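Everything on this sheet refers to the single structure shown next.
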Amino acid sequence: MAGTSLAWWLAESGAGRHTVLLEREGLLGQHATGQNAAILRSAVAPWATRVLAHETGRFLRQPPAGFTDAPLLNERGLVLAEGAEGDPLPAWLDDHLEWNMVEPIKTSRQRQLAPHFHPEGERCWWFPGAGEIEVARLLERFASGARRAGVRLETGREVRDWITSGGPDPRLTGVRLADGEELEADVVVIAAGAWAPSLAARLSIATPMRVTRRHLMVSAPARDVCPEWPVVWDDRAGLYARPESSGLLVSACDISEVQPEPLKADPDVRHLLAEKTLRLLPSCGDLGMAHFWPGLRTLT
């Protein structure tokens, strides 16, 4: 998503015919983009991330003319439980009040919005404009728009090394691919997600990035799951869930530092998921597990 969206914005600025996007996989979006929970949440503590998420929401709700003819965001809303009464108010609150995007709610209202959710956090907030991003559609729109504007999107093209001018003050002049081909470039942007730190290290560039793993589960279809339920998130307990494919998508908010390859699931997380689901989503605790997978999250 990062590389393809940047290619689209460069194309919008008129640089499309001079831009090449290299993707090592056979298709775009095979890793973090295609394996995440697709939740738009702007209620986060770091200011930069909060504003970025807010701007993302504006783009998804009102994309540029001609960008898409179908919605990019399902504004199903989000119920967030965080902290207890008397705790310091969250860092994101003032911005969201200014944006008119949050409402404090009591337990009765929380149960009305999400009757299946029994949070540990006593203080709950309602974000009606949050929800579920149509990730595949968004990626396709960025890619097709970039192509139309002249960007070369090449898949199966892995960057292995850098080309520099040499000398006492070397300058980056391009990239060397896995098949040995060399491409010249005035500017190179590393948008390789979990592989970005290792690529940058070959240029002796220290990047403050941590490659982490988180697991997701999609339950079997269940009649008791309402497809109109909002996203629910408990910051204190570490769990989020939303409807998916006639069941629920659930994460236990686990995190562990990993190498991107090979990425394997930790079977112990299944037990953590079951325990948290029984405790926080009691009416959904006996749902069968249809899919369970690990995804990559590259954090600063």
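The values are calculated or read from the model by the stated rules, or taken from the named source; none is laboratory data. For clarity, every value in this text was computed on a predicted model and none was experimentally measured. Quick reminder, even Gly has a Cβ in these numbers, built from the backbone with ideal geometry, and neighbours come from all protein chains shown. Note: areas computed on protein heavy atoms with side chains; ligands, DNA, RNA excluded. Shrake-Rupley method; radii C 1.70, N 1.55, O 1.52, S 1.80 Å.
Selection of first residues in the stretch 230-245 that are part of a loop (DSSP other than H, G, I, E, B) and of a type in the set (A, V, I, L, M, F, W, C) and of second residues that are modelled with pLDDT under 95 and open to solvent by less than 20 Å² (accessible area, probe 1.4 Å), restricted to Cβ pairs under 8 Å at least 6 apart or on distinct chains, gives the following pairs, ordered by first then second residue: A237/G121.
Looking only at residues that are closer than 16 Å to D234 by Cα and at pLDDT below 95 in the stretch 79-88, which one is most open to solvent (accessible area, probe 1.4 Å)? Out of the qualifying residues, it is E85.
Evaluation of R61 against the conditions (1) touching a Leu at 6+ places or on another chain (Cβ under 7 Å); (2) buried (at least 17 other Cβ atoms within 10 Å of the Cβ) shows that the sole unmet condition is (2). Can you confirm whether the stretch 91-110 contains a residue that is of a type in the set (S, T, Y) and open to solvent by less than 60 Å² (accessible area, probe 1.4 Å)? Within the stretch 91-110, none of the residues are of a type in the set (S, T, Y) and open to solvent by less than 60 Å² (accessible area, probe 1.4 Å). Considering the stretch 271-289, and only residues there that are assigned to a helix (DSSP H, G or I) and without any contact (Cβ under 8 Å) to a residue 24 or more places away in the chain, the residue that is most open to solvent (accessible area, probe 1.4 Å) turns out to be H271. For A200, the conditions (1) open to solvent by 20 Å² or more (accessible area, probe 1.4 Å); (2) at pLDDT below 95 are fulfilled apart from (1).
Taking each residue of the stretch 196-211 that is more than 18 Å from V159 (Cα to Cα) and touching a residue at least 60 places away in the same chain (Cβ under 8 Å) and looking for partners that are surrounded by 15 or more Cβ atoms within 10 Å (Cβ to Cβ) and among the aliphatic types (A, V, I, L, M) with beta-carbon atoms closer than 8 Å, six or more apart or interchain, yields M209/A196; V211/A194; V211/V258; V211/L296.
Considering the stretch 151-183, the residues that are at pLDDT below 95 and of a type in the set (K, R) include one that is most open to solvent (accessible area, probe 1.4 Å), namely R171.
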